[in-house]
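Asker: Mind looking over this structure? Questions follow.
The values are calculated or read from the model by the stated rules, or taken from the named source; none is laboratory data. What you are looking at is a predicted structure, and each value in this text was computed from that prediction instead of being measured. Cβ sites come from the backbone with ideal geometry, for glycine too, and all protein chains shown count toward neighbours. All accessible areas refer to the heavy atoms of the entire protein, side chains included, with ligands and DNA or RNA removed. Shrake-Rupley method; radii C 1.70, N 1.55, O 1.52, S 1.80 Å.
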Amino acid sequence: MTRIVVDPLTRIEGHLRIEVEVENGVITDAWSAGTMARGIEVLLQGKDPWDAPYVTSRVCGVCEGVHNIASSQAMEDAFGIELTEAGRLMRNIFSAGYYVHDHFIHFYVLSALDFLDIMAIAEYKGSDPGLLAIKSKIVGLVMAGDTSPFTPRYQPDEFSVSDPETVTTLVSHYLRAVELKAKSQKMLSYLTGIQPHPNAMNVGGCTATPSVETLRDLRNLWVEQAEFVNNVYLPDVLAVGYGPLLPLAASAFGATAGNYLAYPMLPQGSPSAAGDNSFGGSNPMFKGGVIMATGPRGSLADIGPVNVAPVDYDQITESVTNSWYDYPAGVNKIHPSEGVTKFNLDKSGAYSFMKAPRYDSQPMEVGPLARGMVNKFPQLDAFFKAGGREGVVARHLSRAVISKMIIDEGLAWIDRLIEMRVAGPLVGMHEKAVPRTGRGMGVWDAPRGALGHWVEVDNHRIKNYQLVVPSTWNAGPRDENGVKGPYEQALIGAPVPDIDNPINVVRIIRSFDPCIACAVHLIDPHTNDIKVVKIS
């Protein structure tokens, strides 16, 4: 038996450590650890509730805007504020635009290189001038010893795509995706003032009052993003998923236990009742729901008969049994509305700064595959019927499908906003004084999954604030019953034929798009020797 530690795991953030035990070339046990404390909850105690959306959007430099929205909705729930139509549309357009670039950047920049033999470019024999330019550029960089950003990397294996034309084409799309990411940031700043960390969205709606000309510029950039999603990103994912990676998909590679949770998002109707405040409106484009596993993990071949239950937010709890936190004596799990953030860095047995969220005492996979399962995407069902199974490839497919759905629907929201702006000034906000006391919840299905904020206001100040974020749902540690979190479940049974090249570990975890980032340490449990593998 060999123990392998991958820390850090992604190129963006170095706060996730994955440890696995490998026996006879297969992972037999796994631990997922968040190695950095968040602490935002403690920081907010005693602060003005209006500060919370700004502060919580600093949780992350990637998924900042969705925290802003969820936090604002929690305050609106506590204050009793109903959104304006313009405010709801601007939040939807911002979130939808953010979603789309987040997903194609994940596929091309953060994950695709785990499946490509990048040096196959040198063997490209075609005549496409654009691809020949890519070949010349990459080969030139390699000759000069400058292979960034394609290295460091794990060594290609049997599941790496090595066809020269396919690899060269995907790398050209990688470069195009980076260009469009920059344009998307500019596009979204038309509504939010700056990107990242928007200033315009806050409790009550959105303060932006863009001109008709600005909105038409935004629309033009949106159409450019749509052309890339519909004609490049989705076709690439389908070609790879149904082609070279279908054997991997058919093995349920990287599947979790089969419990899925998704929250509603992108409301298409204004709030008609106070109960809609937590969701920013009614009739969401993507419905929320819960699926509990009924068979072996990754076994689903037909999404039709799967039972999807409504989300009961009272069923959400967090455990800290294996986390560096303490709960009051005798308490082993707490609902986030009553949540406690008390650090204990010397806690015996703890191995993560993440708590362990559970729904009805069960670990839940959240994110694009959960959203696709709950909303029963026809494209996902077709993939299962073609032999694909739940797991890594299904997650990538779900992201691409979601991107297409959102980019297409978003044009209607922009056109409605332009129509309203032509008719007169935009009223994006409903304001209301901070109540003396109140409780609120705001939820949103962020690109990485179910995001919830809970707040308690007392004497016009924040008494308690808790966040349960997507990567905590997926990357959380074992709970009070010793049940593994979704990352840990997904790794069990995965093949690692070469312990010096544990590429399948990163393929699985990166398919979740962890928002937490490359040296590899290997520990031999018999000798305690530690090897450091420097990927090149």
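Asker: What whole-number value in Å² describes the accessible area per residue of the chain for a 1.4 Å probe? Walk me through the numbers before you get to the answer.
Answerer: Numbers: 19670 Å² over 536 residues.
Result: 37 Å² of accessible area for each residue.
Asker: Taking 8 Å as the Cα distance limit and 6 or more residues as the minimum spacing, I'd like the relative contact order of region 1-53 as a percentage. It would help to have the intermediate numbers written out before the result.
Answerer: Working: 64 pairs, mean separation 13.3, N = 53.
Relative contact order for region 1-53 comes out at 25 percent.
Asker: Using Cα positions and a limit of under 27 Å, work out the lysines in reach of K186, with same-chain residues fewer than 8 apart set aside.
Answerer: Straight-distance partners of K186: K404.
Asker: Next up: How large is ³J(HN,Hα) for each residue in region 98-113, as worked out from phi by the Karplus curve 6.51 cos²θ - 1.76 cosθ + 1.60 (θ = phi - 60°), to whole Hz, x for Gly and Pro?
Answerer: 5, 3, 5, 6, 4, 6, 6, 5, 4, 5, 7, 9, 9, 10, 4, 5
Asker: Moving to a separate point now. Within straight cross-link reach of K125, meaning Cα distance under 16 Å, which lysines are found once same-chain residues fewer than 8 apart are removed?
Answerer: K135, K137
Asker: Here's another thing I want to ask about it. (1) 63, 61, 48; (2) 71, 65, 41; (3) 113, 95, 46: which one is Cα extents along the principal axes in Å as calculated from this entry?
Answerer: (1)
Asker: Between N332 and D7, what length comes free when the chain is fully extended (0.36 nm per residue of separation minus the Cα-Cα distance, one decimal in nm)?
Answerer: Details: separation 325, 0.36 × 325 = 117.00 nm, distance 2.87 nm.
Gain on stretching N332 to D7: 114.1 nm.
Asker: So what is the relative contact order of region 179-327, in percent, for Cα pairs below 8 Å that sit 6 or more residues apart? Write out the running numbers ahead of the final one.
Answerer: Details: 137 pairs, mean separation 22.2, N = 149.
This gives 15 percent for region 179-327.
Asker: Which one of G349, Q466, G280 is farthest out on the positive end of the charge dipole of the chain, using unit charges on Cβ (Lys, Arg +1; Asp, Glu -1) and the Cα centre as origin?
Answerer: G280
Asker: Here's something else I'd like to know. Pull out the extension gain between V142 and V212, defined as 0.36 nm times the separation in residues minus the alpha carbon to alpha carbon distance; nm, one decimal.
Answerer: Values: separation 70, 0.36 × 70 = 25.20 nm, distance 4.77 nm.
Extra length from V142 to V212 when fully extended: 20.4 nm.
Asker: Same structure, new question: What residues from region 74-97 fall in the zone where the backbone N is under 19 Å from a label point 7 Å along the Cα-to-C-beta line of N283?
Answerer: From region 74-97, the list is 82-93, 96.
Asker: Using Cα pairs under 8 angstrom and six or more residues apart, how large is the relative contact order of region 306-398, in percent? Let's see the in-between values first.
Answerer: Numbers: 104 pairs, mean separation 25.0, N = 93.
With pairs under 8 Å counted, the relative contact order is 27 percent.
Asker: What's the FRET efficiency of D302 with T28 using the Cβ-Cβ distance as r and R₀ = 41 Å, to the nearest 0.05?
Answerer: On the way: r = 31 Å, r/R0 = 0.75.
Once the sixth-power term is evaluated, E becomes 0.85.
Asker: Could I ask something else about it? Would you pull out the residues with amide H under 5 Å of R439's amide H, same chain only if 5 or more places away, H placed 1.01 Å from N?
Answerer: Sorted by chain and number, the residues that satisfy this are V457.
Asker: Heavy atoms only, probe 1.4 Å: what % of the accessible area of the chain goes to carbon and sulfur, would you let me know?
Answerer: Working: 10530 of 19670 Å².
Of the solvent-accessible surface of the chain, carbon and sulfur hold 54 percent.
Asker: On to the next question. Sort region 265-368 into rounded, prolate or oblate with this rule: let a ≥ b ≥ c be the square roots of the eigenvalues of the Cα gyration tensor; rounded if a/c is under 1.5, and if a/c is not under 1.5, prolate when a/b is larger than b/c, oblate otherwise.
Answerer: On the way: a/c = 2.79, a/b = 1.43, b/c = 1.94.
Oblate.
Asker: Let me ask you something else. Please give the calculated 222 nm ellipticity per residue for the chain, where each DSSP H segment of at least 4 residues contributes -39500 (n - 2.57) and the sum is spread over every residue; nearest 500 deg cm²/dmol?
Answerer: On the way: 15 runs with 189 residues, N = 536.
That calculation yields -11000 deg cm²/dmol at 222 nm.
Asker: Once each part is reduced to its C-alpha centroid, what is the distance from region 453-480 to region 227-278 in angstrom?
Answerer: 25
Asker: Using R₀ = 60 Å, calculate the FRET efficiency as 1/(1 + (r/R₀)^6) where r is the Cβ-Cβ separation of K347 and S127; round to 0.05. Please list the in-between numbers first.
Answerer: Values: r = 63 Å, r/R0 = 1.04.
It comes to 0.45.
Asker: If you don't mind, there's one more thing I want to ask. Can you tell me the length gained on complete extension of the stretch A433 to A250, counting 0.36 nm per residue apart and subtracting the Cα distance? Before the final figure, lay out each step's value.
Answerer: On the way: separation 183, 0.36 × 183 = 65.88 nm, distance 5.52 nm.
Taking 0.36 nm per residue and subtracting the Cα distance, the gain is 60.4 nm.
Asker: Mind computing the radius of gyration and Dmax over the alpha-carbon atoms of region 427-493? Å is fine for both.
Answerer: 17.2, 54
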